[in-house]
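Step one of this worksheet: look at the structure below.
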2 protein chains.
Amino acid sequence: MPLEELLEANKAFVQGREARALQHLPARRLVVLTCMDCRLSGFLAEALGLRPGDAVVLRNAGARLTQDVLRSLVVAVYAQSVNEIAVVGHRDCGMARLSVGELTTAMSKAGVSREALPNEDLASWLGVCANPEQSVREAVATIRASQVLPKGLVVYGLLLDEVTGELTVIERAA
Amino acid sequence: MPLEELLEANKAFVQGREARALQHLPARRLVVLTCMDCRLSGFLAEALGLRPGDAVVLRNAGARLTQDVLRSLVVAVYAQSVNEIAVVGHRDCGMARLSVGELTTAMSKAGVSREALPNEDLASWLGVCANPEQSVREAVATIRASQVLPKGLVVYGLLLDEVTGELTVIERAA
């Protein structure tokens with residue numbers, strides 16, 4: 001996508017709306033951890049009924065609970081008054097069908113050596129998961145067991161259907 | 001935000017639209033790396049002129065180039081045919097004014113010991129940055145220098161004004 005095209009789209013967006021200052025603290029005191037999947041962009045917030053300013057949103061490959069997510073949760077909870085975390089996986093997650101072999105073949109074709117990646121189990125490093133539901137359960141359990149986050153944090157897990165937009169509850173708040 | 005309220009909003013969303021299946025590969029072959037800030041949710045995709053299905057989106061505290069982001073970029077580039085990366089910081093980023101002292105005080109009040117966090121420079125672990133523009137430049141430089149990503153990847157850096165929605169170019173593609 002050429003940068004100039006993106007800047008043109010941005011110009012039209014800016015001209016078509018009034019400037020509006022929102023509070024930097026999330027109004028609903030919520031963090032949503034979800035996947036980077038392209039189908040959720042411009043869709044997930046709407047499907048959850050969230051408006052700009054309502055919730056902090058974290059996204060990575062597979063909505064995995066990584067060190068980076070933990071770091072971001074620490075900032076959200078202790079510096080932005082968040083008291084609730086929703087882990088939102090989605091049904092057709094690429095991390096459940098990622099082929100490590102195909103990925104390393106693509107790397108090799110692009111002239112990048114396998115040795116450039118960490119010398120450990122690659123499926124594990126990449127965050128491949130058995131299925132999205134299991135992945136949501138794991139993330140919820142890891143957040144609940146974290147020594148770094150306070151007791152009393154409300155944590156729940158959901159699964160989004162990226163076709164219908166429907167949410168299914170996987171884990172209710174304990 | 002009570003889960004039941006979120007599920008009610010979701011029900012209304014699902015009933016108010018037709019189910020629509022999109023391709024799982026991003027149509028614009030673009031990754032956007034941006035901040036978790038609550039004001040960008042339901043706003044950033046629109047400001048960039050991106051529709052659902054157009055771009056993979058990564059979000060963390062400060063749009064920092066972490067190991068988790070690198071992992072996610074590897075998946076996006078080698079398994080999802082992405083060939084372009086936009087780092088999008090924003091003007092009023094909380095990571096440029098985060099007080100480590102206030103954060104650890106909030107932790108302590110919540111009954112969590114400082115020792116629960118990694119035993120290293122906390123500002124660095126948290127990803128505190130001098131200013132958002134500098135942070136965008138660092139992320140762009142780190143992506144360009146990465147041994148893991150292919151040569152020829154188009155990488156640029158932008159800064160979003162969260163009030164007007166206007167983008168400023170910080171780094172053009174090399």
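Here are a few things to note about the model shown:
- Computed over chain B, the quotient of the alpha carbon radius of gyration and 2.2 N^0.38 Å is 1.17.
- Summed side-chain charge close to B:A79 - residues other than B:A79 whose Cβ falls under 13 Å, Lys, Arg +1, Asp, Glu -1: +2
- For GluC sites (Glu not before Pro), the sites in region B:57-131 that DSSP calls loop and that have at most 10 other Cβ atoms within 10 Å are B:E120.
- B/A buried area, accessible surface, summed, 1.4 Å probe, Å²: 7300 Å²
- Using the rule -39500 (n - 2.57) for each DSSP H run of four or more residues, divided by the residues of the protein assembly as shown, the 222 nm mean residue ellipticity is -10000 deg cm²/dmol.
- Computed label-point distance, nm, for sites B:R97 and B:N119 using a 7 Å Cα→Cβ extension: 3.5 nm
- Dipole magnitude (debye, nearest 20) for the protein assembly as shown, charges at Cβ of Lys, Arg, Asp, Glu: 100 debye
- Near B:L22, once Lys and Arg are set to +1 and Asp and Glu to -1 for all other residues with Cβ below 15 Å from its Cβ, the sum equals 0.
- Looking at the protein assembly as shown, the DSSP beta bridges with both ends there are about 20 percent antiparallel.
- Check: chain B dipole with +1 on Lys, Arg Cβ and -1 on Asp, Glu Cβ, in debye: 540 debye
- Bins of 20 Å, starting at 0 and running to the largest distance - Cα pair percent for the protein assembly as shown: 32, 62, 6
- Pair-distance distribution of region B:59-135: all C-alpha pairs, bin width 10 Å, starting at 0; shares per bin in whole percent are 16, 38, 30, 13, 3.
- Under 24 Å from the Cα of A:K109 - lysines, other chains or at least 8 residues apart: B:K151
The values are calculated or read from the model by the stated rules, or taken from the named source; none is laboratory data. Note that the coordinates shown come from a computational prediction; the quantities given were computed from them, not determined experimentally. FYI the Cβ positions are ideal-geometry reconstructions off the backbone, even for glycines, and counts take in every protein chain you see. Protein only, heavy atoms only, side chains kept; ligands, DNA and RNA dropped before computing areas. Shrake-Rupley method; radii C 1.70, N 1.55, O 1.52, S 1.80 Å.
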